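Beneath this line is the structure, given in structure tokens, with notes to follow.
The values are calculated or read from the model by the stated rules, or taken from the named source; none is laboratory data. Remember, it's a predicted structure, so these values are computed and weren't measured experimentally. FYI the Cβ positions are ideal-geometry reconstructions off the backbone, even for glycines, and counts take in every protein chain you see. SASA here: full protein model, heavy atoms, side chains in, ligands and nucleic acids out. Shrake-Rupley method; radii C 1.70, N 1.55, O 1.52, S 1.80 Å.
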Amino acid sequence: MKRSLTDYPLAGKRVLVRVDFNVPLEGGRVVDDTRIRAALPTITYLLDQGCALVLAAHLGRPKGQVVDDLRMAPVAVRLAELLGRPVKTTADCVGPAVEAAASALRAGEVLLLENLRFHAEETANDGVFAKRLAGLAEVYVDDAFGSAHRAHASTEGVTHYLPSLAGLLMIRELEILGRLLRDPARPFMVVLGGLKVSDKIGVIEKMLGAADAILVGGAMANAFLAAKGYGIGLSKGDGDQVAVAAKVLTAAATTRCELVLPRDVVVARDAVAGAPSRVVGVSSIAADEMALDIGPETAAEFVRHVRTAGTIYWNGPLGLFELDDFSAGTKAVGEAIAASASVTVAGGGDTVAAARRFGLEARMTHVSTGGGASMEFLEGRALPGVDALMDRGGTVAAGRRPLMAGNWKMYKTRVETKGFFADFAPAVAGVHDRDILICPPAIDLETALAATAGSAIAIGAQTMHFAAEGAFTGEIAAQMLRELGVPYVILGHSERRQYYAENDADLARKVRAALDAGLRPVLCCGETLEEREAGRTEAKVGGQLDVGLGEVGVAELALVAIAYEPIWAIGTGVTATPDQAQETVSFVRLRVRERFGDAADGVRILYGGSVKAGNIDVLMAQPDIDGVLVGGSSLDAQEFARIVRFVEPPA
Ligand code: PEP
């Protein structure tokens, strides 16, 4: 397990943070601050914890020499602007003056060290140098995903001397890229372009086994066309690239993955702006012409593929996009990717530049900050900077993680869903010690999944059928949810019981079907006001649980959450008092214990019924309440974020 910074008590600590601030400078100013912004969640999280921060980074390739143009000062200026607080600097990254500056830091202060690569020991992963860096702090956090493929002193060496944690950007990169390899929503389309097949051969080979289709454009497509016997004139992609492409074609023939090559291309005699150009079929490239973009027919075909995708990974432009004359293919396909409701991930320096040129960046699920690191990760290679963060023995207290769940019922359109997450995701960024779940209407599930990909927010369904398939108009099966990538499902909500006559026996089948499909059910129970007043709360709730959990095995109990929701409190504005909620929730645990023994300690029991920002803290202070199921108050991003961020009583 990698340890994240949210798994470790950091309050008041001096923390060495390796960041990726390798940004372009011009005239002593940062001209693109994307990488600095990407590190802000980790930096602000640590500052919120009252930490003092020593930031370490490299800039360019000074090769062990002091190069004035590669000093960190302009980066410190931009970081200070973004943080709205001063950022101190030092003339070096190690040595007595640096040690004095680091130890003088107070909580909330930030120090940015001078360029690590002014010392050759950094890239040599020198142990003494690593130890000197480690001596500047009490804890190390690595948020430099872009440098994680290098075993350098500041990424690997230092982890031998300090408790070492992954930063939020590092975790996000690993989660999103990891999901591409592990469990992509299908169909999984890979759009590949750029100059050389040989640069991406490792990723192509891996993707032939993982993706449903690879759409190839850019100069590398020419190598494939040549390998298939087409004349490519003066196009880039000839020579040794053709043999590499031929190897890929042979490998592709034995996989399920479709390799889609251009049918038409835009050709010109010169790769310059304004050069006369024409669109030709790939068999008609003249000997004195070069292919500089995919043609309109190919772009349309790529767009058709992209529109059907569940996941898209884009690496490499599809033509000479820097020149307007040859940018249409990259632009059309890029726009289709950005408009897709699927999980969209872009990686690689040129891809990021293309996405930025066409204004697509903000509409991607994730734009990777690491070119080389993301490629090596997707090839399945171990990243030294990541492996160094593996938990070396320290264990995080098990306990029951709070589950903060929202049930939107039949509220919010697709557009409103997107709007909600645009506000909610930043409001809960950095919350990693509790599970956050939103259950939107079924029709919004895909939108919600795409909007939350890579974040800590989980998405659940509000109901499902117990059958795997069949003539059940309007219903959804567990496997359908699973395929979509939905991890949770609410079962037996009182409104479903009331309006759709859901009964305990059917619910037992649903719980079973959910578990069989790998979903985590949230089983609801609760009594009416009449039942409570007649003293029948325990009989009612106990009976619902006995039957509803009837087909659950002891070992899988921890996968089930139970939501106690007194019907008289749902949507009425009448909240059970904390004592009432605690009393019944503790009864629920006892009842579960009767059948499942100590496994009952692992099951999360939630309270639901008019939970609001104003009563969450006192409800969560009850010893048996492990979370909440929230209706009305989950519709407002800020209010639900406050609920998620409930304040624990002092120990
Ligand atoms: C619910 O529907 O599960 C619920 C608890 O609703 P509310 O929070 O609006 O009472």
With criteria (1) farther than 23 Å from Asn22 by Cα; (2) in contact (Cβ under 8 Å) with a residue 60 or more places away in the chain, Tyr140 comes up short on (1)
Matching residues in segment 96-147 (among the charged types (D, E, K, R) and surrounded by fewer than 20 Cβ atoms within 10 Å (Cβ to Cβ)) number 6
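Okay, residues lined up against (1) of a type in the set (Phe, Trp, Tyr); (2) within 30 Å of Asn503 (Cα to Cα); (3) at pLDDT 95 or above:
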site	(1), (2), (3)
Val396	no, no, no
Leu449	no, yes, no
Gly460	no, yes, yes
Thr463	no, yes, yes
Ala478	no, yes, no
Pro487	no, yes, no
Subset of segment 54-104, residues in contact (Cβ under 8 Å) with a residue 60 or more places away in the chain and among the hydrophobic types (A, V, I, L, M, F, W, C), comes to Val54, Ala56, Ala57, Ala102
Within segment 201-222, residues in a loop (DSSP other than H, G, I, E, B) and within 18 Å of Gly380 (Cβ to Cβ) come out as Ala211
> Taking the condition part of a loop (DSSP other than H, G, I, E, B), of a type outside the set (Asp, Glu) and open to solvent by 30 Å² or more (accessible area, probe 1.4 Å), does Gly237 pass?
Replying inline: no
Reported set for segment 197-219 where residues are more than 22 Å from Gly329 (Cα to Cα), open to solvent by 30 Å² or more (accessible area, probe 1.4 Å) and not polar (S, T, N, Q) is Ile201, Glu205, Lys206, Gly209
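Results for (1) surrounded by 23 or more Cβ atoms within 10 Å (Cβ to Cβ); (2) farther than 30 Å from Ser342 by Cα; (3) among the hydrophobic types (A, V, I, L, M, F, W, C), shown as yes or no for each residue.
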{"site": "Glu475", "(1), (2), (3)": "no, no, no"}
{"site": "Ala478", "(1), (2), (3)": "yes, no, yes"}
{"site": "Val489", "(1), (2), (3)": "yes, no, yes"}
{"site": "Gly492", "(1), (2), (3)": "yes, no, no"}
{"site": "Leu515", "(1), (2), (3)": "no, no, yes"}
{"site": "Arg520", "(1), (2), (3)": "no, no, no"}
{"site": "Arg532", "(1), (2), (3)": "no, yes, no"}
{"site": "Ala539", "(1), (2), (3)": "no, yes, yes"}
The number of residues in segment 15-29 that are in a strand (DSSP E or B) and within 26 Å of Glu121 (Cβ to Cβ) is 5
| field | Any chance Leu225 is of a type outside the set (Phe, Trp, Tyr) and not in a strand (DSSP E or B) | value | yes
Of (1) farther than 23 Å from Ala505 by Cβ; (2) in contact (Cβ under 8 Å) with a residue 24 or more places away in the chain, Leu557 satisfies every one except (1)
With the first residue restricted to segment 399-422 and required to be on the phi > 0 side of the Ramachandran plot, and the second required to be modelled with pLDDT of 95 or more and surrounded by fewer than 15 Cβ atoms within 10 Å (Cβ to Cβ), Cβ contacts under 9 Å at 6 or more apart or on different chains are Lys412/Gly419
When segment 400-428 is checked residue by residue, the ones that are more than 16 Å from the ligand (Cβ to nearest atom) and open to solvent by 40 Å² or more (accessible area, probe 1.4 Å) are Arg400, Arg401, Thr413, Arg414, Val415, Glu416, Lys418, Ala422, Asp423, Pro426
Within segment 604-624, of all residues that are surrounded by fewer than 22 Cβ atoms within 10 Å (Cβ to Cβ), aliphatic (A, V, I, L, M) and part of a loop (DSSP other than H, G, I, E, B), the one modelled with the lowest pLDDT is Ala621
Okay, strands (runs of 3 or more DSSP E) sitting entirely in segment 280-375 with 2 or more residues that are at pLDDT 95 or above and either in contact with an Asp or Glu (Cβ under 9 Å, 6 or more places away or on another chain) or open to solvent by 20 Å² or more (accessible area, probe 1.4 Å) (or both), I get 290-294
Counted residues in segment 170-196 being in contact with a Lys or Arg (Cβ under 9 Å, 6 or more places away or on another chain) and within 20 Å of Thr351 (Cβ to Cβ) come to 6
Within segment 562-603, the count of residues that are part of a loop (DSSP other than H, G, I, E, B), touching a residue at least 40 places away in the same chain (Cβ under 8 Å) and β-branched (Val, Ile, Thr) comes to 3
Just wondering, is there one or more residues in segment 379-387 that are under 15 Å from the mean Cα position of the chain (by Cα), modelled with pLDDT of 85 or more and of a type in the set (A, V, I, L, M, F, W, C)? no
Yes or no: segment 570-580 includes at least one residue that is away from the ligand (no atom under 15 Å from the Cβ) and either within 33 Å of the chain's Cα centre (by Cα) or surrounded by 20 or more Cβ atoms within 10 Å (Cβ to Cβ) (or both). no
Taking segment 432-473 and keeping residues in contact with a helix residue (DSSP H, G or I) (Cβ under 9 Å, 6 or more places away or on another chain), under 24 Å from Thr42 (Cβ atoms) and either of a type outside the set (A, V, I, L, M) or surrounded by fewer than 20 Cβ atoms within 10 Å (Cβ to Cβ) (or both) leaves His432, Asp433, Arg434, Thr452, Gly454, Ser455, Ala458
Filtering segment 30-75 for residues that are in a helix (DSSP H, G or I) and within 28 Å of the chain's Cα centre (by Cα) leaves a count of 15
Only one of (1) open to solvent by 50 Å² or more (accessible area, probe 1.4 Å); (2) modelled with pLDDT of 95 or more does not apply to Asp504, and that is (1)
Counting only residues that are small (Gly, Ala, Ser) and surrounded by fewer than 17 Cβ atoms within 10 Å (Cβ to Cβ), segment 22-80 contains a total of 7
- prompt: Restricting attention to segment 608-619, does a residue exist that is within 10 Å of the ligand (Cβ to nearest atom), in contact (Cβ under 8 Å) with a residue 60 or more places away in the chain and closer than 17 Å to Asn407 by Cα?
  reply: yes
Those helices (runs of 4 or more DSSP H) completely within segment 478-561 that have 3 or more residues that are within 14 Å of the ligand (Cβ to nearest atom) are 494-499
The correct count of residues that are more than 14 Å from Gly419 (Cβ to Cβ), open to solvent by 10 Å² or more (accessible area, probe 1.4 Å) and within 15 Å of the ligand (Cβ to nearest atom) in segment 631-645 is 5
